[in-house]
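In what follows, a single structure is set out as structure tokens and then discussed.
The values are calculated or read from the model by the stated rules, or taken from the named source; none is laboratory data. The shown structure was predicted, so the numbers you read here are calculated from the model rather than taken from an experiment. We place every Cβ from the backbone using ideal geometry, glycine too, and count neighbours over all the protein chains shown. Each accessible area value is taken on the protein alone, full model and side chains, heavy atoms only, with ligands, DNA and RNA left out. Shrake-Rupley method; radii C 1.70, N 1.55, O 1.52, S 1.80 Å.
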Amino acid sequence: MPSIIIYGNMQSYKTYILPKAKKLFGSYSFRRKSTIKHHKNVQKMLEILALNGPLTTWGMAKVDYQNDISGIRTKEKDYRRLLKGRKDRGKHSPGVLDVGLVVVDGKNYERGPSDIYRLSLHGILYCLDVLDLTNKEIDVMASKYSDVLPWLFGRWNHIKSVIGNDVYRLKTLAGGIFVDNIQVTKMTKFPVFELLTYLSIKYQNNFESIKENDLSDQISCWFYTHLLLPTGMKADTGSTSAVKKIMDGDKPLKKWYDTFLNEAIKFYDNRFQTIKKMERI
């Protein structure tokens, strides 16, 4: 996993990356209704990476054309242009690499040195939000990117065995919903807002750049904390039981999430002591 990537934390994704990606590559899926050709081509390329994992441009083109060498070569050129952007009348149009939805993930030497591409974490979230992937396709993507999101996709089957289709709430979260949203205080008595606020504070200095494993941790904490929210329309019906069952069935996961909870407790204890001192003013 690369140590440093060119995009930032979840706040950066919500306020900058996602709006920019939707403007350049589409805010709705080509599957749902017709869209401009460029949006469709980019989304189909992202779909290939989502469902097949890391690939070279040649590998992506083979998904479309299999053994048609002429068609593969033509499509490979198209994918290179979509990845790296293009210049038209002296103006550069950003590619998906520029926006940060895709990253280079090593080299392949079968046909000479070729970059291997995969979805970035922001690319995974964009696909979940925009591409209208089926639940089965999300399962496939989780298996292909289990090493990129080890605390979430790496535990996907275990989580599904506990909460079933509630695991696909990730599609809604991928749109940036509830990031820094005070409305969650009205939805549950559990300290969801406080935990998410601490999560934002923890990574507040990573708006412009972040280690990929840190962003993976932020996304995963975000997901598990949101499981405390009710799934129905009635407020205050959330429960820790599902989260507890998930954690009890995976000791390393429990240890990881407990570390986050203990960090949050320490943070709020310190803030409370500071507030108490204000009584002496």
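So here's what we get for this one:
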{"item": "Chain lengthening between Y168 and K23 when straightened (0.36 nm per residue, less Cα-Cα)", "result": "49.7 nm"}
{"item": "Inter-label distance for I281 and I177, nm, one decimal - labels placed 7 Å from Cα along Cα-to-Cβ", "result": "3.8 nm"}
{"item": "13 Å Cα-Cα reach of K144 towards aspartates and glutamates, excluding residues that sit fewer than 8 places from it in its own chain", "result": "E47"}
{"item": "Sequence-distant lysines (8 or more away, or on other chains) whose Cα lies within less than 18 Å of K202", "result": "K14, K211, K266"}
{"item": "Nitroxide proxy distance, nm - points 7 Å out along Cα→Cβ at N262 and K244", "result": "2.0 nm"}
{"item": "Computed accessible area, L261, all protein chains, 1.4 angstrom probe, square angstrom", "result": "50 Å²"}
{"item": "1.4 Å probe accessible area per residue over the chain, in Å²", "result": "53 Å²"}
{"item": "Accessible heavy-atom area order of E47, E110, E279, highest first, probe of 1.4 Å", "result": "E110, E279, E47"}
{"item": "Relative contact order for region 54-179, counting Cα pairs under 8 Å that sit 6 or more residues apart, in percent", "result": "17 percent"}
{"item": "Theoretical FRET efficiency, 1/(1+(r/R0)^6), r = Cβ-Cβ of K255 and D214, R0 22 Å, to 0.05", "result": "0.80"}
{"item": "Solvent accessible area, Å² - H92, 1.4 Å probe, full protein context", "result": "90 Å²"}
{"item": "Flagged links, alpha-carbon separation over 19 Å, of K20/K84; K171/K254; K37/K84", "result": "K171/K254"}
{"item": "Dipole in debye (nearest 20) - the chain, about Cα centre, beta carbon charges: Lys, Arg +1; Asp, Glu -1", "result": "760 debye"}
{"item": "Percent carbon-and-sulfur accessible area, the chain, ignoring ligands, DNA and RNA, probe 1.4 Å", "result": "50 percent"}
{"item": "Degrees separating the helix 251-277 axis from the principal Cα axis of the chain, which is the longest one", "result": "50 degrees"}
{"item": "Candidates S143, S161, S209: whichever shows maximal mean-square fluctuation once the chain is modelled as a Gaussian network with Cα springs under 10 Å", "result": "S161"}
{"item": "Full-extension gain in nm, T274 to R81, via 0.36 nm per residue minus C-alpha separation", "result": "64.0 nm"}
{"item": "Per DSSP, loop trypsin sites (Lys or Arg not before Pro) in region 71-132 with at most 16 further Cβ within 10 Å", "result": "R89, R111"}
{"item": "Label-point separation in nm, I36 to N108, each point 7 Å along Cα→Cβ", "result": "3.0 nm"}
{"item": "The chain - percent relative contact order, Cα under 8 Å, separation 6 or more", "result": "22 percent"}
